[in-house]
Amino acid sequence: MKVFAEGKKGREVPANAMKAVRFHEHGGPEVLRYEEAPDPVPDSDEALVRVKACALNHLDIWGRAGLKNVEIPMPHISGSDVSGVVEWVPPEEKEFRKGDEVIVNPGLGCGRCEKCALGKDNQCRRYTILGYGVDGGYAELVKVRRNSLLRKPERMSWVEAASFPLVFLTAYHMLVTKAQTGPGDTVLVVGGSSGVGTAAIQVAKLLGAKVIATAGDGGKLAKATELGADHVINHYEQDVLGEVQRLTGKKGVDVVVEHVGKATWEGSVKALAKGGRLVLCGATTGAEVTTDLRYVYNRELTVYGSFMAGRGELLKVVDLFNEGRLKTVVDSAFPLSDAASAQKRMEESRHFGKIVLEV
Ligand SMILES: [Zn+2]
């Protein structure tokens, strides 16, 4: 039985301590502590969600390890992708009530500025991500903006529901909004076994494109093929650029989905056909790269930076899941208390798809 006490502003809020995984300093997976933390205290524009599952993202590792010029509030709770049950909403909330099964939009715009008003909340100057700029879902309870709540797709398990928002909204933004991918395009998905890679393979197929995906071993390549990739390349054993040239009759690909960075960048630029578009949403192997600019102007290439997506794009993704046109790709589930092992699995690239914590 939960004990409720008067919170600030005279609201009824839970006053217990919850279990959470927090870090008090930056470092390796060993800084993650499974411990008691105060229950979050929501404001009137927020809701409290009892977490059932929370998916990992590379962002969790960057936040834990620490980034130059980025201040993470300490102690900190990571976790951007949450599924769970509404525990508390203020009386003025009309759409959601206690007990509703929900997922959460991980993107947090201010909701007031010009960019937010245009639906480009990911370009908001005050934008942050749940579990990064504010405490997230590696916990029994998380407070979220009321307008971040979305209905959980009915047919999904808690683990599946937590696994898709961040990577699918990212893949949608990259391929639909930025690169405007369509039938007749050939798309190279670099690192096709990652969360964003498995999402990008599916979104590109849905748009009618031909997909070439790279991955690091035979098992992952077989799974990428099952997801819909037309051709697969082992990036450790094969010459990716040579294979792309062979598969496209030396034309190159129309779109490259990049998130690997330093290890693949030069090949990704050279793999593009004339008029090709390169979309980049991350740089997990390093951000300092060299680019032969002659390729960029001779071939009239376009490079798009891509960061999260607007709330409307996530709503479209949810519709596509509800219609059964996309599917979640879950690699493994760990108990919340074992978040460190889950992050290690991600850092060692042993996963295909999403790693999820069960709470
Ligand atoms: Zn804003």
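The values are calculated or read from the model by the stated rules, or taken from the named source; none is laboratory data. Just so you know, these numbers come straight off a predicted model, no measurement behind them. Don't worry about glycine lacking a Cβ; one is built from the backbone with ideal geometry, like all the others, and counts go over all protein chains shown. Accessible surface areas use protein heavy atoms only, side chains included; no ligands, DNA or RNA. Shrake-Rupley method; radii C 1.70, N 1.55, O 1.52, S 1.80 Å.
At a glance:
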item: Average Cα contact separation per residue, the stretch 167-303, under 8 Å, 6 or more apart, as relative contact order %; result: 21
item: Calculated from backbone phi, Karplus (6.51, -1.76, 1.60) coupling profile of the stretch 255-266 in Hz, x at Gly/Pro; result: 9, 10, 9, 10, 8, 8, x, 3, 5, 10, 3, 4
item: Sites matching trypsin sites (Lys or Arg not before Pro) across the stretch 150-195 that sit in DSSP coil, with at most 13 neighbouring C-beta atoms within 10 Å; result: Arg155
item: Gain on full stretching of the segment that runs from Arg299 to Leu315 - 0.36 nm per residue minus C-alpha separation; result: 2.2 nm
item: Of Pro42, Pro91, Pro73, the one that fluctuates the most in a GNM where the chain has Cα springs shorter than 10 Å; result: Pro91
item: Per residue accessible area in Å² of the stretch 139-230, where ligands, DNA and RNA are left out and the probe is 1.4 Å; result: 32
item: Spin-label model distance (nm) - Ala17 vs Asn322, 7 Å beyond Cα toward Cβ; result: 4.1
item: 3J(HN,Hα) from dihedral phi, the stretch 52-63, Karplus parametrisation 6.51/-1.76/1.60, rounded to Hz, x for glycine, proline; result: 9, 8, 9, 8, 7, 9, 4, 3, 4, 6, 4, x
item: Under DSSP loop assignment and at most 16 Cβ neighbours within 10 Å, longest GluC sites (Glu not before Pro)-free interval of the chain; result: 155-236
item: Kirkwood-based shape ratio for the chain, expressed as Rg/Rh from alpha carbons; result: 0.99
item: Part-to-part distance (alpha-carbon centres) for the stretch 303-353 and the stretch 44-72, which is given in Å; result: 14
item: Helix-only [θ]222 nm of the chain, DSSP H runs n ≥ 4, -39500 (n - 2.57) each, per residue, nearest 500; result: -6500 deg cm²/dmol
item: Accessible surface of the chain [probe 1.4 Å, protein heavy atoms]: carbon and sulfur percent; result: 48
item: Under the Karplus curve 6.51 cos²θ - 1.76 cosθ + 1.60, θ = phi - 60°, whole-Hz ³J(HN,Hα) for the stretch 36-41, x wherever Gly or Pro sits; result: 7, 9, x, 4, x, 10
item: Among Val104, Val289, Val256: highest mean-square fluctuation, GNM of the chain, C-alpha pairs under 10 Å; result: Val289
item: Sequence-distant residues sharing a close amide H with Val211 (under 5 Å, placed H); result: Val187, Asp230, His231
item: FRET efficiency, 1/(1 + (r/R0)^6) with R0 45 Å, evaluated for Lys344 and Asp45 via beta carbons; result: 0.75
